[in-house]
Amino acid sequence: MNELLDAIWQIDTRVVLVAALLVLDVWAIGMTLASDAGPKEKVLWSGIVILCPIFGCLFWFSLGPKPNLIGRSGSSGERSGS
């Protein structure tokens, strides 16, 4: 058990930061692809995030297309309260 804890504490901080950045980039690309933007915009923003992972993700977060998650439930009409 002590060996396992020692191995966990010896994980390099850079590995954790790279993994977090990878997850954030995949999330940003997924949100871009789920947005209502046109195909050219989706390719452009995905390319920016892939080529410049840190600044591209920050740039996407401030200016990029976001999906409209409001009203995307499975029903096509408004629910009536009965």
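The values are calculated or read from the model by the stated rules, or taken from the named source; none is laboratory data. Quick caveat: nothing in here was measured; it's all calculated off a predicted structure.
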How many of the residues in the range 27-82 are modelled with pLDDT under 90, of a type in the set (K, R) and within 16 Å of the chain's Cα centre (by Cα)? 1
Answer yes if at least one residue in the range 21-41 is acidic (D, E) and farther than 21 Å from F55 by Cα, and no otherwise. yes
